[in-house]
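The values are calculated or read from the model by the stated rules, or taken from the named source; none is laboratory data. Remember, predicted model here, so these are calculated numbers, not experimental data. The protein model used for the area step is the full one, side chains on, heavy atoms only, and it has no ligands, DNA or RNA in it. Shrake-Rupley method; radii C 1.70, N 1.55, O 1.52, S 1.80 Å.
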Amino acid sequence: KAAERALLKIESVLPVSGKGQLERQALLVPAFHIAPGQVAPLGALRGAIDGRRKIRFDYVRADGLATNRVVWPLGLFFWGGGWSLGGWCELRRDFRNFRLDRMSAPDVLAEIFTPDEGRTLADFLRHVTD
């Protein structure tokens, strides 16, 4: 709630042209430390988010099942103990949150996605907070 109030204050003093950019920010983190092994994957994922490029990666679910996913990356999130990628999963045809420590071989694809209505970062955030 405090972060939301701070963003509202910042948004209230931005010029109209800057408000759209603030809404598109997809890296949402508190004070944090990035483990050395996560620097490269975070950079690649951030680039995919900024370029709206799909990513493919191998993922091991909590139950141990390994899958291969193609995801529209929408945001990176730090949860105090680790990072996750939020996005639209083509396999599940729904929003999913993927822990980076369960992800391997991330590959940024040449294919561009368009965040259609119902599949945007704002939609993802509503999905995970409802």
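Key figures for this structure:
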quantity	calculated
Surface accessible to a 1.4 Å probe, Arg126 within the full protein complex, Å²	120
Nonlocal amide H pairs with Arg52, under 5 Å, H built at 1.01 Å	none
Accessible surface, 1.4 Å probe, highest first, among residues Ser104, Ser84	Ser104, Ser84
Stretch gain in nm, segment Arg102-Arg126, where the contour uses 0.36 nm per residue and the Cα spacing is subtracted	6.2 nm
Largest to smallest accessible area among Phe124, Phe78 [probe 1.4 Å]	Phe78, Phe124
